[in-house]
Structures are given as C-alpha cells and as structure tokens.
1. Throw me the Rg/Rh for segment 282-374, computed over C-alpha atoms with Kirkwood Rh, two decimals.
2. How far is it, in nm, from the label point at ARG67 to the one at ALA129 when both lie 7 Å from their Cα along the line to the Cβ?
3. State log₁₀ I(q)/I(0) for the chain at q = 0.07, 0.13 Å⁻¹ as given by the Debye formula over alpha-carbon point scatterers of equal weight, solvent excluded.
4. Can you give the FRET efficiency to the nearest 0.05 for SER28 and MET76, using r as the Cβ-Cβ distance and R₀ = 22 Å?
5. Please state the charge dipole magnitude for the chain, taken about the Cα centre, from unit charges on C-beta atoms (+1 on K and R, -1 on D and E), reported in debye and rounded to the nearest 20.
6. How large is the dipole of segment 282-374 about the Cα centre if only Lys and Arg carry +1 and Asp and Glu carry -1, each at its Cβ, rounded to the nearest 20 debye?
7. Projected onto the charge dipole of segment 282-374 (+1 at Lys/Arg Cβ, -1 at Asp/Glu Cβ, origin at the Cα centre), which of VAL286, SER302, GLY348 gives the Cα projection farthest towards the positive end?
8. Can you list the DSSP H helices in the chain whose Cα atoms extend at least 20 Å along the helix axis and whose mean Kyte-Doolittle hydropathy is -1.0 or higher?
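What follows draws every value from the coordinates through simple rules; no lab data is involved. This is a predicted model, so every value here is computed, not measured. So basically every Cβ, Gly included, is an ideal-geometry build from the backbone, and we count neighbours across all protein chains shown.
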Amino acid sequence: MHRIATTLHEKTRIVVKIGTNLLTDKLSGLNHDRINSLARGVSHIQSLGYHVAVVSSGAIGAGVAARGLKERPMTMPEKQATAAIGQPILMEAYEAAFRTQAITVGQILLTKDDFVNRARYLNARNTLAVLFENRVVPIINENDTVAVEEIKLGDNDNLSAMVANLVEADLLIILSDIDGFYSDDPSHNRHAELIPIVETITPRIEKQAKKSGGGLGTGGMMTKIQAAKLCTSAGIAMIIANGSNPRVLQEIVSGECRGTLFLPATHRLNVKKRWIGFVSHPRGSVRIDEGAKAALTNHRKSLLPSGILEVTGVFNEKDTISVLDVTGNEIARGVSGYSSAELAMIRGRKTDDVETILGRRAHGEVIHKDNLVLLSK
C-alpha cells in the first residue's frame with residue numbers, strides 16, 4: 001500500500017464509507033466503540049490537512065435494534081419506518097463521538113434525484129464545499145425514509161462513489177468487514193489471496209467479485225467493484241480495507257494498511273464531464289459503426305450523424321444518452337444535440353445534409369467532444 005503516498009500527494013479531500021455490518025448488530029444496536037474509533041481516525045486525517053466526508057450506512061440497522069426486530073424488514077413501508085427511527089439514533093452517536101474530538105458534524109440525506117438533477121447536484125456540491133471550508137465533517141446517508149428506489153436497489157458503496165465524484169475527492173475509503181479484494185471468496189476458499197493493487201478493472205476482476213451474503217447490509221463485493229469503476233474512471237483512487245481495525249484510517253494515510261488500492265485513471269475529468277459520464281441518467285442510446293467508434297476512442301473526436309446506425313429510446317435535445325458500439329457495449333455517454341426523433345431522420349447522413357433534412361439551422365455534431373465522456377473498458 002506504499003503507493004497511497006503518491007495518490008495522496010498534495011491532495012485535499014477524502015470520502016470514508018462505513019457499512020452496516022461494521023456499525024450495527026441486531027441485538028445491541030449501534031457499535032459505539034467502532035464509531036468512536038472512526039471519529040478518532042477522521043480527526044487524525046483532518047489534522048494532516050485533509051477535508052473528510054463520511055458516508056454512513058446503519059439507519060435501518062439501528063432501527064432494527066431499536067424496534068427489537070429479529071430480522072431486517074422486508075416490505076418498503078417497514079424499511080422506511082425503521083430508517084426513520086434509526087437515523088436520529090445514528091446521528092446522535094456520530095455527534096457524540098465527534099464532539100469528543102472537537103469536531104462538528106452535519107447531516108446530509110441524499111437521493112438519486114439529488115445527483116441526476118443538475119441544479120440539485122450543484123446545490124449539494126455547494127453545501128458540502130461550505131461545510132469543508134468550516135472544517136465540518138458531513139455525515140451522509142441515503143434518505144431511506146422517502147427514497148423507495150434507493151432502498152430497493154441501493155447500496156452505500158455506489159452512493160459513496162457518487163459523493164466522492166460530487167466533492168471532487170482524491171480518495172474513497174470503503175471500510176468493510178473484509179480485508180480487501182481477493183482472488184476468490186475467502187470464506188469458501190482458504191487459498192484465496194488478497195490483491196493489494198488493481199491497476200485496471202477488467203472483466204476478469206468483475207467476475208471475481210462475487211456477491212457476499214449479509215446480515216443487515218445490502219452491499220457485497222460486486223457493488224464495491226462498481227464503485228471502483230466509477231471512481232477510477234473519474235480520476236479518484238479507492239481503497240477497500242477492514243474497518244474492524246480501530247486504526248485503519250491512520251494506517252491508510254500513512255501507507256501501511258492492509259487492503260486493496262484501485263488506482264485512478266491518468267486523466268482526471270472535469271466536473272461537467274463527471275456529471276455527464278457517471279451521474280446523469282441516460283434517456284436513450286445510439287449505436288455507432290466502427291469508423292465512428294475509432295474517431296471517438298482513438299482521436300477524441302465529436303460524434304457525427306454519419307456514424308450512427310440505430311437510435312433507441314425517446315429523448316430530447318440536451319438529454320444524456322449512451323453511445324454503443326456495433327456489439328451493443330456502452331463505450332461513451334454524452335449530451336445529445338438532437339432529439340431522438342431528429343436523430344432517427346439524420347442518422348447515417350452527412351453533416352451537410354442535416355439542415356436540409358430538418359428544415360432548420362443545425363450544428364454538425366450529434367454529441368460535441370466537450371460533452372462526451374469515454375467509459376473505461
């Protein structure tokens with residue numbers, strides 16, 4: 001993990017995610033010792049000059065214990081009610097732990113809409129910037145009491161990656177109940193080996209990320225790899241480490257921690273392109289030919305109508321769309337300069353013909369290169 005020193009050189013922002021299985025127990029509720037050690041670790045990171053945000057699971061887990069339930073609720077209303085009970089308990093524990101470190105915390109509850117809606121995205125970003133300026137540690141969670149889709153599909157691994165992207169972090173630390181990413185599931189294969197560094201997330205890496213079971217939590221190794229893909233493509237490093245170690249954060253920033261470091265891409269995307277590529281929701285897609293793919297991937301050109309083979313979905317001008325190759329693999333995302341109806345009319349045609357076909361003045365690019373984000377393989 002010595003390469004973490006290079007990753008953190010002259011960096012400023014770190015996001016720490018801690019999962020439900022580390023924070024809560026079905027019988028005793030919140031693990032206050034672990035929350036206290038987390039607060040000490042964050043205090044140490046702050047003392048080194050970094051701004052820190054914490055993405056915390058545990059609201060439903062805390063609510064399970066408070067209600068005396070034997071298992072995590074199954075129905076959506078029960079999950080929402082349990083989260084409503086558990087969230088203030090969780091925040092009370094964080095406030096008390098960080099107060100002993102002379103650190104003020106702030107609560108931020110987010111839903112997917114806060115990322116997808118550009119105005120709300122910028123509002124959240126500005127709020128977090130002010131908190132950082134005032135050395136306040138944001139405690140961030142999904143708004144489980146209202147976010148139906150987030151509870152059904154959600155996991156805080158991907159939320160933490162989106163937060164890291166939102167605040168332009170340099171490092172995401174995912175604290176789990178496992179040491180890192182292994183060559184196989186260590187609970188079933190005693191010969192599985194910890195992989196200390198992942199330079200590129202390949203299809204083989206994704207196949208190795210088997211879903212793990214989990215008590216009160218909703219995530220597994222697959223969601224952590226998804227989070228790593230988002231982070232590394234956006235130029236953010238990510239570490240998976242064992243949060244049961246009370247000094248794990250101190251060891252990570254010193255480069256001594258046992259875990260898995262996912263190295264960031266060389267070229268860091270600007271804020272606009274991060275939002276386009278990894279936050280905004282594609283409203284449709286276009287399938288392009290090999291020539292257009294080469295122009296985009298090898299020469300960083302804009303997408304022109306002549307290279308489009310097929311248009312799928314219904315979308316408007318300025319909506320985000322996916323760009324697929326001939327085999328259907330998503331290779332890029334971008335902001336469309338035309339609606340789906342207009343693209344259906346001009347696909348495969350030369351740029352000079354577009355104005356005649358549409359009967360109005362029009363620009364040449366379907367997606368301008370400044371609004372196009374290539375996705376990692």
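1. Working: Rg = 11.6 Å, Rh = 12.6 Å.
Expressed as Rg/Rh, it is 0.92.
2. With each label placed 7 Å out from Cα toward Cβ, I get 4.0 nm.
3. So the normalised log intensities are -0.34, -1.05.
4. Between SER28 and MET76 the formula returns 0.25.
5. Magnitude of the dipole: close to 320 debye.
6. Charge dipole, segment 282-374, about its Cα centre: 140 debye, nearest 20.
7. Farthest along the dipole direction, towards plus: SER302.
8. Working: long enough: 32-47 (22 Å, -0.62); 76-99 (34 Å, -0.05); 118-133 (23 Å, -0.14).
Qualifying helices, which must be both long enough and hydrophobic enough, are 32-47, 76-99, 118-133.
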